[in-house]
1. Of everything in segment 38-85 that's among the hydroxyl-bearing types (Ser, Thr, Tyr) and under 20 Å from Asp11 (Cβ atoms), which residue is nearest to the chain's Cα centre (by Cα)?
2. Would you point out the residue of segment 53-105, among those that are part of a loop (DSSP other than H, G, I, E, B) and hydroxyl-bearing (Ser, Thr, Tyr), that is nearest to Leu19 (Cα to Cα)?
3. Among the numbered criteria (1) within 30 Å of Thr10 (Cβ to Cβ); (2) of a type in the set (A, V, I, L, M); (3) within 16 Å of the chain's Cα centre (by Cα), which one does Val92 miss?
4. Could you list all residues from segment 1-50 that are among the hydroxyl-bearing types (Ser, Thr, Tyr), surrounded by 14 or more Cβ atoms within 10 Å (Cβ to Cβ) and not in a strand (DSSP E or B)?
5. State which residue is nearest to Leu90 (Cα to Cα) when the search covers only segment 41-79 and only residues that are of a type in the set (Phe, Trp, Tyr) and in contact with a strand residue (DSSP E or B) (Cβ under 6 Å, 6 or more places away or on another chain).
6. Give me a count of the residues in segment 56-107 that are surrounded by 11 or more Cβ atoms within 10 Å (Cβ to Cβ), more than 14 Å from Phe35 (Cα to Cα) and of a type in the set (Gly, Ala, Ser).
Amino acid sequence: MQITDLLFKTDFNGKPGYLYLLVEHQSQPEKLMPFRILKYMIAIMEDHLGQNNTAILPVVYPMIMYSGGKPYNYSTNLLDLFEEQKELALEVFLHGYQLVDISQIPDEELKKKRKKLCLTQNN
């Protein structure tokens, strides 16, 4: 069970919607904080879907309240955690996933392709 600090129900372009404000307190720098915040955001979205019987995701705005004794020296950007694969991660996150709709291929055609694949792998 997650606790949401603030929940706003408002209209977005004339349609009702929700905006969650996620406030997390942090007393020391943490390199993986963007990943942890992402998990919290997803948990809030899952909770929202279950409680509101909807398929529309709410917007979750994350905020870190840092009170450590030294400067916060890690990035707050999730993509920075991918280091050299940052551009690829951005591409994957911003575009829809690859869909291979085999329901549109007749069963006989799939069987032929399976046989060809098996023969290729055995050689």
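1. Taking segment 38-85 as the starting set, the residues that turn out to be among the hydroxyl-bearing types (Ser, Thr, Tyr) are 40, 54, 61, 66-67, 72, 74-76.
Applying the additional criterion that residues be under 20 Å from Asp11 (Cβ atoms) yields 54, 61.
Numbers: Thr54: 18, Tyr61: 13 Å.
Filtering segment 38-85 for residues that are among the hydroxyl-bearing types (Ser, Thr, Tyr) and under 20 Å from Asp11 (Cβ atoms), the one nearest to the chain's Cα centre (by Cα) comes out as Tyr61.
2. Filtering segment 53-105 for residues part of a loop (DSSP other than H, G, I, E, B) gives 53-58, 67-77, 95-101, 105.
Those left that are additionally hydroxyl-bearing (Ser, Thr, Tyr): 54, 67, 72, 74-76, 97.
Working: Thr54: 15, Ser67: 25, Tyr72: 27, Tyr74: 26, Ser75: 24, Thr76: 20, Tyr97: 25 Å.
My answer is Thr54.
3. (1)
4. So in segment 1-50, the residues among the hydroxyl-bearing types (Ser, Thr, Tyr) come out as 4, 10, 18, 20, 27, 40.
Add one more test, that the residue is surrounded by 14 or more Cβ atoms within 10 Å (Cβ to Cβ), and what stays is 4, 18, 20, 40.
Thr4, Tyr40 - these are the residues of segment 1-50 that are among the hydroxyl-bearing types (Ser, Thr, Tyr), surrounded by 14 or more Cβ atoms within 10 Å (Cβ to Cβ) and not in a strand (DSSP E or B).
5. To start, the set of residues in segment 41-79 that are of a type in the set (Phe, Trp, Tyr) comprises 61, 66, 72, 74.
If we keep only those that are in contact with a strand residue (DSSP E or B) (Cβ under 6 Å, 6 or more places away or on another chain) as well, we get 61, 66, 72.
Values: Tyr61: 19, Tyr66: 27, Tyr72: 24 Å.
So the residue we want is Tyr61.
6. The number of residues fulfilling the criteria is 1.
Every number in this text was worked out from the coordinates using simple rules, so none of it is lab data. Bear in mind the structure is a predicted one, so any value in this text is a computation, not a measurement. Note that each Cβ is placed from the backbone with ideal geometry, even for glycine, and that neighbours are counted across all protein chains shown.
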